[in-house]
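Notes to accompany the following structure.
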Amino acid sequence: MAKGNFYIDIHTGHLSKKLRAVSTRIRQIADDFDYIEQNYCEKDGQVLGHVETRFGHVLKECSQCGEKYIFPNSEEDHVVPEEE
Ligand SMILES: [Zn+2]
């Protein structure tokens with residue numbers, strides 16, 4: 001076996017930009033999946049209606065079959081305390 005150096009030119013500048021593009025798309029898909037899970041019934045795909053928000057959670061109900069779902073209130077997760 002011959003000894004020597006082995007180089008791979010991976011165009012690092014392009015690679016990082018390509019990986020960023022993939023990362024952006026994956027994040028968008030993950031956000032879309034979260035939206036679907038929190039707004040449509042997993043049994044029949046009908047729209048979930050808001051029932052109530054309490055104790056940091058949102059209760060939703062299927063408009064067709066009445067199945068109930070509870071989710072963490074994502075709006076509260078983004079509340080930034082005001083500085084004094
Ligand atoms: Zn349903």
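A few remarks follow.
- Tensor-based shape of the stretch 14-77 (alpha-carbon gyration tensor, a/c under 1.5 rounded, otherwise prolate or oblate): oblate
- Residues 7, 35, 69, ranked from the fewest to the most other C-beta atoms within 10 Å, line up as 7, 35, 69.
None of the figures in this text is laboratory data; all of them are computed from the coordinates on show. Keep in mind it's a predicted model, so treat the numbers as computed, not measured. With ideal geometry, Cβ positions are generated from the backbone for all residues, glycine too; neighbour counts draw on all protein chains shown.
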